[in-house]
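Worksheet for the structure shown next.
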Protein chains: 2
Amino acid sequence: MPQKPSIPKGTRDFSPTEVAKRTYIMETIKKHFEVFGFQPIETPSFENSETLMGKYGEEGDRLIFKILNSGDFISKVDDVTYSSKKSSSLIPKISEKALRYDLTVPFARYVVMHQNEIDFPFKRYQIQPVWRADRPQKGRFREFYQCDADIVGSDSLLQETELVQLYDAIFSDLKLVGTTIKINNRKVLSGIAEVIGAKHLLIDFTVALDKLDKIGEDGVKREMLSKGVSENSIERASPLFTMSGSSETQLEQLKSLLSKSEIGMSGVAELEHIVKHVEDLGLQTAKLQLDVTLARGLNYYTGAIFEVSAPKGVDMGSIGGGGRYDNLTGIFGLKDVSGVGISFGLDRIYLVMEELELFPDEISVSLDVLCLNFGEAEGKAALKLVSQLRSLGIRADLYPSSAKVQKQFKYADRRGVPYVILLGDKELSEGQFVVKNMSSGKQTTYVLQNPEAFVQDLKS
Amino acid sequence: MPQKPSIPKGTRDFSPTEVAKRTYIMETIKKHFEVFGFQPIETPSFENSETLMGKYGEEGDRLIFKILNSGDFISKVDDVTYSSKKSSSLIPKISEKALRYDLTVPFARYVVMHQNEIDFPFKRYQIQPVWRADRPQKGRFREFYQCDADIVGSDSLLQETELVQLYDAIFSDLKLVGTTIKINNRKVLSGIAEVIGAKHLLIDFTVALDKLDKIGEDGVKREMLSKGVSENSIERASPLFTMSGSSETQLEQLKSLLSKSEIGMSGVAELEHIVKHVEDLGLQTAKLQLDVTLARGLNYYTGAIFEVSAPKGVDMGSIGGGGRYDNLTGIFGLKDVSGVGISFGLDRIYLVMEELELFPDEISVSLDVLCLNFGEAEGKAALKLVSQLRSLGIRADLYPSSAKVQKQFKYADRRGVPYVILLGDKELSEGQFVVKNMSSGKQTTYVLQNPEAFVQDLKS
């Protein structure tokens with residue numbers, strides 16, 4: 001009884017067309033990463049468990065895929081632990097490695113391990129899959145790619161400016177017109193918590209605010225209240241929810257709101273610097289917009305934070321995000337290295353581009369020419385022709401057997417090949433081959449000795 | 001106390017230069033895969049355990065990395081199994097997924113699952129990492145990439161011919177001159193086992209022969225003997241070890257040796273067909289050589305088998321291998337689909353290319369221009385210039401702070417940047433910028449309004 005094959009929940013096979021589309025997005029991202037001076041690194045798919053555990057909160061720890069030790073792993077568990085029969089106690093005894101959960105913690109680990117080989121400021125990009133044992137849903141998978149660009153070892157605000165330009169360059173190149181790059185600053189949020197008298201509850205305040213999109217203003221206020229933020233404080237935070245207008249207008253409002261908070265004012269100054277520089281340089285198709293309710297869940301951010309939303313009318317969460325973190329490598333022993341980075345959500349960008357039909361047609365063409373096969377002698381001549389075309393850089397193929405012509409044409413059709421070559425015994429005896437344009441039906445005859453002529457026509 | 005970071009045994013971090021070199025090899029392979037009409041697919045990093053287990057022999061099963069179930073996995077183990085405290089009994093209860101061990105079994109699974117969407121013959125390539133809990137040693141890692149090209153759904157020998165050409169095209173393009181593509185046929189091995197009276201011991205015979213490189217002729221004979229192959233049979237197999245000369249000469253010898261074996265003669269005929277076709281078409285830099293002692297360990301091969309050895313003088317095992325398998329998708333319920341494919345060993349190719357110094361120099365240049373930073377106003381002008389260069393496709397960067405000029409130059413030097421831009425207050429006031437060629441020291445002045453002039457010089 002053969003197995004009926006399936007794949008694990010939350011994972012995907014990618015067909016040739018899907019791979020081509022994903023590659024198109026990734027290569028576009030990669031091209032601009034490199035033009036902006038970022039260099040690629042790669043880290044292993046699994047890390048030692050202690051590198052990952054405890055870095056993403058309790059929820060994160062649960063969602064990390066753990067790898068079972070090899071060999072007779074169970075004999076190494078002491079009897080006391082074993083008899084407890086508790087998963088949490090057993091895990092560290094039977095699993096020493098885990099699949100990476102994001103690219104940021106492995107990057108911090110990399111920087112610390114290789115600090116003596118690295119020339120700071122270090123601009124690195126990394127495009128690799130990550131794994132999370134999350135509940136799968138639309139646009140959320142258990143295996144997915146992250147595309148990250150980070151700079152470590154420079155606290156210059158020029159980096160933030162550049163990252164905004166990088167978002168704009170990539171989304172513009174993908175023809176994803178009308179994205180909004182939302183920006184805020186953790187120091188502004190700290191300032192607000194300070195002036196409303198909730199400084200000690202900054203994290204709860206931030207976590208609640210982060211849910212604004214999902215639970216609305218009332219929901220956020222209710223959650224703040226439940227976490228111990230006073231009614232009075234919440235009342236004083238109200239301007240947060242009504243602030244509107246241009247980034248400049250909002251910055252003016254923030255200045256008066258935060259005038260008493262040193263950290264808050266420093267956040268405002270940073271935002272002002274970035275907004276001004278971006279404006280001077282100009283953006284192609286994206287818009288930079290201050291959003292004081294933008295919080296971003298990850299606690300390691302300490303300065304600017306970013307989030308990119310898809311063009312209006314497309315129902316999709318953020319398609320990118322990032323920010324500045326001042327202490328990330330500290331967990332691995334390297335202090336005072338400031339970093340800032342952004343990430344692109346490949347799967348969501350893919351979905352948005354599908355919805356807006358932004359993939360160029362030529363992506364799904366995987367073969368330029370198919371040569372039909374009319375028998376032993378013809379096939380041999382065809383193979384030679386195909387070899388010549390290939391060495392001229394043409395994606396060419398020979399149908400492997402002399403099946404019925406109709407069947408071969410059907411194959412050409414289903415593969416979406418734009419040109420088919422006919423090289424039957426008549427053509428062979430005349431030293432020619434015929435090229436059929438599959439969309440117009442037009443046929444052109446070429447001399448077998450001179451396939452370059454066809455290649456020239458094909459390229460023009 | 002911060003953690004001292006490390007990575008798991010047998011895994012690697014790749015630095016920017018290493019990624020660039022690996023990408024160079026992979027992109028070259030990919031280019032030719034596509035020119036030969038192969039289409040990319042991708043499969044998940046982990047598969048359901050039952051997809052992988054039992055496909056690679058007992059040893060393979062042990063080397064597969066298993067992933068621990070999420071949640072309270074241990075509570076789902078029944079008491080009887082748990083009290084046995086046996087790893088082998090516990091594994092299926094606490095682990096349902098495993099990291100892929102190669103790309104071939106996932107491909108077979110893919111073909112069966114997607115058979116209704118696939119147009120056969122299906123030529124697919126796949127370049128993805130695989131994982132094995134093997135003992136790490138030189139050129140052998142626990143995480144490594146495989147680069148596979150397979151055709152399923154065609155039993156035409158033209159495929160084998162094409163695959164030889166594909167090896168030649170890729171190694172030639174990589175400037176890896178002087179590779180030897182060894183070819184043999186499982187049917188020839190079956191024929192030999194038959195005529196020496198060891199048909200029932202074919203697998204043991206093949207496995208022993210496969211070790212010829214490692215344990216020598218005497219070792220192979222000793223192993224055959226220990227597996228029950230008679231002295232007389234071994235004696236009759238002796239011509240195997242002494243056969244030499246051109247493929248044509250050896251084929252003639254095989255014809256007389258195997259004249260009584262139908263399967264053996266069909267193997268010889270296949271080899272003859274492939275050798276003849278390859279010869280007619282010609283190879284660029286590789287040599288095709290019949291090697292009747294070539295066995296290849298994997299049991300699923302049924303026809304032609306290939307193995308590529310590095311140029312003479314380089315101490316390295318095979319850098320590629322493959323063959324025809326007639327029943328691979330059968331394990332998942334799809335019968336009578338013949339397949340043939342080859343694989344490229346990325347890590348070994350990398351090592352060989354390092355040894356022979358075949359990587360082009362320009363690979364390690366990751367930045368075309370670095371613009372120095374002389375302060376607030378100059379930096380702003382520089383950022384504008386850098387933005388313009390980037391939009392013209394130049395990989396350009398601005399040093400993020402106005403550090404000492406010496407420090408900035410040192411950074412440029414260590415990053416191997418060929419050109420440095422100087423845009424100080426003098427240049428700014430005159431509307432110019434100076435480009436310094438870092439290898440010649442020559443300086444050229446350009447007008448700030450016209451960065452295109454510099455780009456033109458750079459590209460020429």
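Looking only at residues in region A:54-74 that are under 21 Å from residue B:142 (Cα atoms) and of a type outside the set (Val, Ile, Thr), which one is farthest from the other protein chains (Cβ to nearest Cβ)?
Taking region A:54-74 as the starting set, the residues that turn out to be under 21 Å from residue B:142 (Cα atoms) are A:64-73.
After this cut, where a residue has to be of a type outside the set (Val, Ile, Thr) as well, the list is A:65-66, A:68-73.
Values: A:65: 5, A:66: 4, A:68: 4, A:69: 9, A:70: 4, A:71: 8, A:72: 5, A:73: 5 Å.
Restricting to residues being under 21 Å from residue B:142 (Cα atoms) and of a type outside the set (Val, Ile, Thr), the top hit is A:69.
Select, from A:343, A:366, the only residue that is closer than 30 Å to residue A:316 by Cβ, among the small types (Gly, Ala, Ser), within 22 Å of the chain's Cα centre (by Cα) and not in a helix (DSSP H, G or I). Let's see the steps before the verdict.
Working: A:366 fails: within 22 Å of the chain's Cα centre (by Cα).
Unique residue meeting the criteria: A:343.
Each row is one residue, and each column tells you yes or no for (1) more than 10 Å from every other protein chain (Cβ to nearest Cβ); (2) under 30 Å from residue B:118 (Cβ atoms); (3) in contact (Cβ under 8 Å) with a residue 40 or more places away in the chain; (4) in contact with a strand residue (DSSP E or B) (Cβ under 6 Å, 6 or more places away or on another chain).
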{"residue": "A:12", "(1), (2), (3), (4)": "no, yes, yes, no"}
{"residue": "A:19", "(1), (2), (3), (4)": "no, yes, no, yes"}
{"residue": "A:47", "(1), (2), (3), (4)": "no, no, yes, no"}
{"residue": "A:76", "(1), (2), (3), (4)": "no, no, no, no"}
{"residue": "A:81", "(1), (2), (3), (4)": "yes, no, no, no"}
{"residue": "A:86", "(1), (2), (3), (4)": "no, no, no, no"}
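Could you list, in sequence order, all residues of region B:197-228 that are surrounded by fewer than 22 Cβ atoms within 10 Å (Cβ to Cβ), in contact with a Lys or Arg (Cβ under 7 Å, 6 or more places away or on another chain) and closer than 28 Å to residue B:269 by Cβ?
Correct list: B:201, B:204, B:210.
Failed condition for residue A:374, given (1) more than 23 Å from residue B:40 (Cα to Cα); (2) touching a residue at least 12 places away in the same chain (Cβ under 8 Å); (3) not in a loop (DSSP other than H, G, I, E, B), with all others met?
(3)
Can you find even one residue in region B:397-419 that is modelled with pLDDT of 95 or more, closer than 23 Å to residue A:31 by Cβ and touching a Phe, Trp or Tyr at 6+ places or on another chain (Cβ under 6 Å)?
no
Can you find even one residue in region A:255-272 that is part of a loop (DSSP other than H, G, I, E, B), surrounded by fewer than 14 Cβ atoms within 10 Å (Cβ to Cβ) and hydroxyl-bearing (Ser, Thr, Tyr)?
So far as region A:255-272 goes, yes, one or more of its residues are part of a loop (DSSP other than H, G, I, E, B), surrounded by fewer than 14 Cβ atoms within 10 Å (Cβ to Cβ) and hydroxyl-bearing (Ser, Thr, Tyr).
Pick from region B:381-404 the residues that are out of contact with any helix residue (DSSP H, G or I) (no Cβ under 7 Å at 6 or more places or on another chain) and of a type outside the set (Val, Ile, Thr): which of them is surrounded by the most Cβ atoms within 10 Å (Cβ to Cβ)?
Initially, region B:381-404 is screened for residues out of contact with any helix residue (DSSP H, G or I) (no Cβ under 7 Å at 6 or more places or on another chain), giving B:382, B:386, B:391, B:401, B:403-404.
With the extra rule that they be of a type outside the set (Val, Ile, Thr), the set shrinks to B:382, B:391, B:401, B:403-404.
Numbers: B:382: 27, B:391: 15, B:401: 15, B:403: 14, B:404: 8.
Selected residue: B:382.
For region A:357-396, give me each residue that is under 25 Å from residue B:31 (Cβ atoms) and basic (Lys, Arg).
Listed by number, the residues that qualify are A:384, A:390, A:395.
Being free of Cβ contacts under 8 Å to residues at least 40 places away in the same chain and in contact with a Ser or Thr (Cβ under 8 Å, 6 or more places away or on another chain) is true for just one of B:198, B:169. Which residue is that?
Only one candidate qualifies: B:198.
Can you tell me which residues in region B:52-70 are without any contact (Cβ under 8 Å) to a residue 60 or more places away in the chain and either part of a loop (DSSP other than H, G, I, E, B) or polar (S, T, N, Q) (or both)?
Within region B:52-70, B:53, B:54, B:56, B:68, B:69, B:70 qualify.
Let's see how each residue does on (1) modelled with pLDDT of 90 or more; (2) under 24 Å from residue B:322 (Cα atoms):
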| residue | (1), (2) |
| --- | --- |
| B:241 | no, yes |
| B:259 | yes, no |
| B:273 | yes, yes |
| B:280 | yes, yes |
| B:288 | yes, yes |
| B:291 | yes, yes |
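Mind telling me which of the residues B:420, B:435, B:455 ends up being surrounded by 14 or more Cβ atoms within 10 Å (Cβ to Cβ), in contact with a Ser or Thr (Cβ under 7 Å, 6 or more places away or on another chain) and under 20 Å from residue A:37 (Cβ atoms)?
B:435
In region B:138-155, what count of residues is obtained for those that are over 14 Å from the mean Cα position of the chain (by Cα) and either more than 12 Å from every other protein chain (Cβ to nearest Cβ) or free of Cβ contacts under 8 Å to residues at least 12 places away in the same chain (or both)?
1
Which residue pairs have Cβ atoms closer than 8 Å, lie 6 or more positions apart in sequence or on different chains, and pair a first residue in region B:333-349 that is on the phi > 0 side of the Ramachandran plot with a second residue that is crowded, with 22+ Cβ neighbours inside 10 Å and modelled with pLDDT under 95?
B:333/A:5
Does any residue of region B:24-44 turn out to be more than 7 Å from every other protein chain (Cβ to nearest Cβ), out of contact with any His (no Cβ under 6 Å at 6 or more places or on another chain), assigned to a loop (DSSP other than H, G, I, E, B) and surrounded by fewer than 19 Cβ atoms within 10 Å (Cβ to Cβ)?
Just the residues of region B:24-44 that are more than 7 Å from every other protein chain (Cβ to nearest Cβ), to begin with: B:24-33, B:38.
Then drop every residue that is not out of contact with any His (no Cβ under 6 Å at 6 or more places or on another chain), which leaves B:24-33, B:38.
Now restrict to residues that are assigned to a loop (DSSP other than H, G, I, E, B): B:38.
Of the ones still in play, those that are also surrounded by fewer than 19 Cβ atoms within 10 Å (Cβ to Cβ) are none.
Checking region B:24-44: not a single residue is more than 7 Å from every other protein chain (Cβ to nearest Cβ), out of contact with any His (no Cβ under 6 Å at 6 or more places or on another chain), assigned to a loop (DSSP other than H, G, I, E, B) and surrounded by fewer than 19 Cβ atoms within 10 Å (Cβ to Cβ).
Across region B:94-137, what is the total count of residues that are at the interface with chain A (Cβ under 9 Å from one of its Cβ atoms), surrounded by fewer than 21 Cβ atoms within 10 Å (Cβ to Cβ), within 16 Å of the chain's Cα centre (by Cα) and of a type in the set (D, E, K, R)?
Qualifying residue count, region B:94-137: 0.
For residues that are among the hydroxyl-bearing types (Ser, Thr, Tyr) and surrounded by 22 or more Cβ atoms within 10 Å (Cβ to Cβ), scanning just region B:45-83, find the one that is nearest to residue A:23 (Cα to Cα).
B:45
Among A:302, A:293, A:329, which is the only one that is in contact (Cβ under 8 Å) with a residue 12 or more places away in the chain, surrounded by fewer than 18 Cβ atoms within 10 Å (Cβ to Cβ) and not aliphatic (A, V, I, L, M)?
Result: A:293 is the single residue among A:302, A:293, A:329 that is in contact (Cβ under 8 Å) with a residue 12 or more places away in the chain, surrounded by fewer than 18 Cβ atoms within 10 Å (Cβ to Cβ) and not aliphatic (A, V, I, L, M).
Filter region B:294-329 for residues that are at pLDDT below 90 and small (Gly, Ala, Ser); which is farthest from residue B:58 (Cα to Cα)?
In this case the residue turns out to be B:313.
Name the pairs whose Cβ atoms lie under 8 Å apart, with the first residue in region B:275-290 and within 11 Å of chain A (Cβ to nearest Cβ), the second among the hydrophobic types (A, V, I, L, M, F, W, C), and 6 or more positions between them or separate chains?
As it stands, the answer is B:277/A:383; B:277/B:157; B:277/B:158; B:278/B:164; B:278/B:288; B:281/A:383; B:283/B:164; B:284/B:169, since those pairs meet every condition given.
Which residues, counting only those in region B:229-254, are under 32 Å from the mean Cα position of the chain (by Cα), surrounded by 14 or more Cβ atoms within 10 Å (Cβ to Cβ) and over 18 Å from residue B:199 (Cβ atoms)?
Matches in region B:229-254: B:241, B:243, B:247, B:250, B:251.
Does residue A:312 meet the test of being surrounded by fewer than 22 Cβ atoms within 10 Å (Cβ to Cβ), part of a loop (DSSP other than H, G, I, E, B), away from chain B (no Cβ under 14 Å) and among the charged types (D, E, K, R)?
Spelling it out, residue A:312 is indeed surrounded by fewer than 22 Cβ atoms within 10 Å (Cβ to Cβ), part of a loop (DSSP other than H, G, I, E, B), away from chain B (no Cβ under 14 Å) and among the charged types (D, E, K, R).
The values are calculated or read from the model by the stated rules, or taken from the named source; none is laboratory data. Keep in mind the model is a prediction, meaning the values are calculated, not measured. Cβ: placed from backbone, ideal geometry, glycine included. Neighbour counts: every protein chain shown.
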